[in-house]
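Here's the structure, in structure tokens; my notes come after.
Please treat every number below as a calculation from the coordinates, not as lab data. As the structure is a prediction and not an experimental result, all values here were calculated from the model. Neighbour counts are summed over all protein chains in view; Cβ atoms, including those assigned to glycine, are modelled from backbone coordinates with ideal geometry.
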Amino acid sequence: MNSSLNAMADSLVILDFETTGLSPTQGDRAIEIGAVRIVNGQITDRFQELMNPGRRISGFIEDYTGISNDMLTDAAPCHEVMARFADFIGQDNLVAHNASFDKRFLDAELALINRDYPGDFTCSLLLARRLYQQAPNHKLGGLISYKNIASDGAFHRALFDAEMTVKLWLVMLDDINADYGISKVPFSLIKKVTKTPKKSVNDLLSNWSPL
DNA sequence: TGCCAGGCCCTCTTTAGGGCCTT
């Protein structure tokens, strides 16, 4: 991990995978990656590609994502897409909703092509669970509704979910600023919040100082 | 054909179990 390299840039890549299933250790593969780069809170770049996992996907995944086997037939293979995505990530830190899931697939797919990334990963789900403890649930779609964030597309496509995660992320940073007066929330502080027990988060943010 | 995972987090906990999230 090398988050210190990125501290000055305040550049993040927020990403989302669609996959053949839940576990790369059980043979599941990525079928789509969507990602958005934000620099100082502004979207500066996007990445979206389908990828061919080399096998047919299940009817459940076709229904869940709207990605069909026909759509994947002409897609580039995973190793080509993931190489381009590794280039896209660059030195940036990474965010995903339920990051443990996306990190498993990112690590597994990059390991297959002997690539890696230097940045650190954090999770919008863990942050939301701490900031919005009264929310009815902490699914991405549920949080979008809870915060009255506009959405006019289909969840469970990679770029759309990444875009929604960006909107949620920026709202969470705004709420931290509004509630605790922290105008530029360092990535390192977010990491600390996501590892802090829920009952202690208010104290952590209330007492935090950049110095 | 049928089935599959794993990290987080709460509690009726810690020698455990189960719900929440992700596809």
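Assorted remarks:
- When restricted to residues that are within 30 Å of A:Asp175 (Cα to Cα) and either over 20 Å from the mean Cα position of the chain (by Cα) or of a type in the set (A, V, I, L, M) (or both), segment A:17-67 contains 6.
- If the condition is being surrounded by fewer than 16 Cβ atoms within 10 Å (Cβ to Cβ) and within 27 Å of A:Arg129 (Cα to Cα), then segment A:99-118 contributes A:Ser100, A:Asp107, A:Pro118.
- Per-region count, segment A:166-201, residues touching a strand residue (DSSP E or B) at 6+ places or on another chain (Cβ under 7 Å) and closer than 15 Å to A:Tyr132 by Cα: 3
- Segment A:64-88 residues that are within 12 Å of A:Pro53 (Cα to Cα), paired with ones that are loosely packed, with under 15 Cβ neighbours inside 10 Å and among the aliphatic types (A, V, I, L, M) (beta carbon under 6 Å, 6 or more apart): A:His79/A:Ile113; A:Met82/A:Ile113
- Residue count, segment A:110-134 (criterion: in a helix (DSSP H, G or I) and more than 16 Å from A:Lys195 (Cβ to Cβ)): 3
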